[in-house]
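The values are calculated or read from the model by the stated rules, or taken from the named source; none is laboratory data. Worth saying up front: this structure is predicted, and the values here are computed from it rather than measured. When we count neighbours, we look across all protein chains shown, and the Cβ atoms used for this are built from the backbone with ideal geometry, even at glycine.
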Amino acid sequence: MAAGRFATRVSVTGNDELSDLGRDFNAMAQTLERTETARRQWMADISHELRTPLALLHAELEAMQDGVRPLNPESVASLQADVTRLNRLVEDLYQLSMTDLGAMSYHKRPVDPVSLLHDDVEALAGAFERHGLQVAMRDELAAPVTLHADPDRLSQLYRNLIQNSLRYTDAGGRLEIVVSRSADRVVLDFSDSAPGVPADALPQLFERFYRVEASRNRAHGGAGLGLAICRNIVEAHDGRIEARPSPLGGVCIHIELPVST
């Protein structure tokens with residue numbers, strides 16, 4: 001185990017204290033083995049995601065040096081777009097690593113989640129209009145609620161989800177956001193229109209770098225990290241998040257957050 005051979009297991013027989021120790025050792029070894037596998041996959045995924053935009057940049061610059069592609073404002077704009085995508089990926093990786101480690105600072109205080117959400121929807125409404133999409137918010141709360149939350153991180157959660165729909169929803173579609181209450185929790189449903197996601201893929205949407213190849217994929221500019229960051233933010237607020245089929249034909253992100261008492 002000390003040498004990193006986490007597949008090591010001990011033979012367990014009987015039901016005495018040494019047998020209990022052996023079972024605990026095997027459970028620990030299994031956990032370490034899974035963690036090491038996940039770490040290696042994580043590094044491989046990061047390398048793959050960084051390699052693609054860097055390769056594109058290299059190819060474009062090489063084409064300009066060889067005179068195959070002219071150095072003009074259009075070429076520079078293309079390079080700038082590639083750099084922007086790479087910068088977005090690096091920032092997403094940083095945000096995800098911070099939330100994974102619990103290092104992202106949370107300054108929680110009483111927050112009105114509906115007012116905050118309304119401001120974020122208004123801020124991004126112009127982008128929806130430019131993309132030929134509609135966005136609507138419906139407040140079904142019988143009375144105002146207060147959350148003990150970090151308003152900046154809550155806004156980050158909202159904007160990630162809104163921009164996710166903005167990026168993936170087909171032109172002419174819409175995003176509907178409904179706020180309601182269930183017992184001691186406020187419920188937020190972000191439902192968008194087509195394209196949808198196969199039912200068996202819905203639970204995997206919150207895994208880092210996961211994309212549905214058929215529709216909501218890299219071609220739309222995402223790295224598959226936004227929903228992983230959202231999950232970390234929700235869990236840091238003692239909430240729950242899951243993906244469901246949307247009644248509009250796309251995906252519904254269902255969030256429950258505890259109401260302050």
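From the list A77, A149, the one residue that fits, being among the hydrophobic types (A, V, I, L, M, F, W, C) and out of contact with any strand residue (DSSP E or B) (no Cβ under 9 Å at 6 or more places or on another chain), is A77. Scanning the stretch 128-175 for residues that are without any contact (Cβ under 8 Å) to a residue 40 or more places away in the chain and surrounded by fewer than 14 Cβ atoms within 10 Å (Cβ to Cβ) gives E129, R130, A142, A143, P144. Looking across the stretch 92-121, the residues that are surrounded by 13 or more Cβ atoms within 10 Å (Cβ to Cβ), modelled with pLDDT of 90 or more and not in a helix (DSSP H, G or I) come down to K108, V111, D112. Of all residues in the stretch 23-51, those satisfying the criterion of being surrounded by 14 or more Cβ atoms within 10 Å (Cβ to Cβ) and modelled with pLDDT under 85 are W42, D45, I46, E49, L50. Of all residues in the stretch 133-185, those that are of a type in the set (G, A, S), at negative phi and not in a strand (DSSP E or B) total 6. For the list (1) surrounded by 11 or more Cβ atoms within 10 Å (Cβ to Cβ); (2) over 26 Å from L56 (Cα atoms); (3) modelled with pLDDT under 95, I need the number of the one condition that L79 fails. Of (1) surrounded by 11 or more Cβ atoms within 10 Å (Cβ to Cβ); (2) over 26 Å from L56 (Cα atoms); (3) modelled with pLDDT under 95, only one is false for L79: (2). Beta carbons closer than 9 Å, at least 6 apart along the sequence or on distinct chains, pair a first residue in the stretch 72-92 that is over 25 Å from G226 (Cα atoms) with a second that is among the small types (G, A, S) for S75/A63.
Among the residues making up the stretch 187-225, those that are in contact with a Gly (Cβ under 9 Å, 6 or more places away or on another chain), of a type in the set (A, V, I, L, M, F, W, C) and at pLDDT 85 or above are A194, V197, L205.
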